[in-house]
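Q: One structure coming up, written as structure tokens, with questions to follow.
The values are calculated or read from the model by the stated rules, or taken from the named source; none is laboratory data. Values in this document were obtained by computation on a predicted structure and should not be read as measured data. Positions of Cβ are backbone-derived with ideal geometry, glycine not excepted, and every protein chain shown enters the neighbour counts. What goes into the accessible areas is simple: the full protein's heavy atoms, side chains included, and nothing from ligands, DNA or RNA. Shrake-Rupley method; radii C 1.70, N 1.55, O 1.52, S 1.80 Å.
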Amino acid sequence: ALERTHLPDLIRQVVWQRLAHLSPTAQRVLQWAAVLGPVFWDGAVEVIGQVPREQVEAALQESIDQELIVERQACALAGQREYLFTNPTVREVNFESFPADLLQDAHRQTAAWLIAHGEEQIGEYLGQIAEHLERAGETELAVIYLCQAGEQSAAQFANAEATGCFGRALRLTPQDDLETRYLLLRKREKVYGH
């Protein structure tokens, strides 16, 4: 009976209705935030979305007031305020409304912002950077970051995550790049051996 209720569609409609009550700037800010991921930063939205800081802050406060996002008390990135969507559907709906012709470039900018601003805690964001690079079509760079993320996961005995990263890197590596493929297979095999 639950499967026949189409609950996700109902939830999506509720989210659309709540978003319709936001100002155009707040709607735009949430679209950029959705590209960044389930967790995002005010500085990233400002730079990547090319929205002035005071407008970003007002839009984020408006979204908090509508209970669409929440601010985290602590942030790993210096000088940034960190937020997250209150519900995965809120992010999904905002992401789907992002202009498709700008999406690849938005992922490229997001990866560059994370690389530039996550220097001290870069290890925490390796997988995220790799995902944005992959979606931006920057597969060679994505492979490098996936390999680093896999090595880090393996060092922390997070074997499932490590093999997942190495597997994704293998899928992105051209069949004729035998040297890189061999190195990735060896790294994955080493994880299987533990």
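Q: To the nearest 10 degrees, how steep is helix 139-155 against the longest Cα principal axis of the chain, on a 0 to 90 scale?
A: So the inclination is approximately 80 degrees.
Q: Another question, then. Given Cβ point charges of +1 (Lys, Arg) and -1 (Asp, Glu) and nothing else, what value in debye, to the nearest 20, does the dipole of segment 107-194 about its Cα centre take? It would help to have the intermediate numbers written out before the result.
A: On the way: 9 positive and 13 negative charges, 63 e Å.
With Lys and Arg at +1 and Asp and Glu at -1, about 300 debye.
Q: Computed FRET efficiency, Cβ-Cβ of Arg81 and Asn159, R0 30 Å: what is it to the nearest 0.05?
A: Efficiency, rounded to the nearest 0.05: 0.30.
Q: Same structure again: So, for segment 30-145, what is the accessible surface per residue at a probe of 1.4 Å, expressed in square angstrom?
A: Roughly 47 Å² per residue, with all protein chains present.
Q: Mind listing the long-range amide H neighbours of Ile69? Cut-off is under 5 Å, sequence gap 5 or more, other chains count too, H placed in the peptide plane at 1.01 Å from N.
A: Ile64, Thr86
Q: Hey, got the dipole for the chain? About the Cα centre, +1 on K and R Cβ, -1 on D and E Cβ, debye to the nearest 20?
A: Approximately 500 debye in magnitude.
Q: Still on this structure: Does anyone have the angle between helix 53-65 and the longest principal axis of the chain? Alpha-carbon axes, 0 to 90°, nearest 10?
A: Roughly 80 degrees, rounded to the nearest 10.
Q: Compute the angle between helix 7-20 and the longest alpha-carbon principal axis of the chain, please, reported from 0 to 90 degrees and rounded to the nearest 10.
A: For 7-20 against the chain, the angle is about 60 degrees.
Q: Taking square-rooted eigenvalues a ≥ b ≥ c of the alpha carbon gyration tensor, is segment 1-90 rounded, prolate or oblate, where a/c under 1.5 means rounded and, failing that, a/b exceeding b/c means prolate?
A: The shape class here is prolate.
Q: Shifting gears a bit: Let a ≥ b ≥ c be the square roots of the eigenvalues of the Cα gyration tensor of segment 27-74; is it rounded (a/c under 1.5), or, if not, prolate (a/b larger than b/c) or oblate? It would help to have the intermediate numbers written out before the result.
A: Values: a/c = 1.41, a/b = 1.20, b/c = 1.17.
In terms of gyration-tensor shape, rounded.
Q: If you don't mind, another one. Between Lys190 and Ala100, what FRET efficiency follows from the Cβ-Cβ distance if R0 is 41 Å, with the result rounded to 0.05?
A: In this case the efficiency is close to 0.55.
Q: Once you have a ≥ b ≥ c as the square roots of the Cα gyration tensor eigenvalues for segment 76-132, tell me rounded if a/c is under 1.5, and otherwise prolate or oblate according to whether a/b is larger than b/c. Display every interim value, and only then the final one.
A: Numbers: a/c = 2.24, a/b = 1.39, b/c = 1.61.
Oblate.
Q: Moving to a separate point now. Along the charge dipole of the chain, which of Trp113, Ala33, Leu126 sits closest to the positive end, that is, farthest toward it, with unit charges on the beta carbon of Lys, Arg, Asp and Glu (+1, +1, -1, -1)?
A: It is Leu126, whose Cα lies furthest towards the positive end.
Q: How large a share of the accessible area of segment 130-184, in percent, is made up of carbon and sulfur atoms when the probe is 1.4 Å and the other protein chains stay in place? It would help to have the intermediate numbers written out before the result.
A: On the way: 1620 of 3080 Å².
Answer for segment 130-184: carbon and sulfur cover 53 percent of the accessible area.
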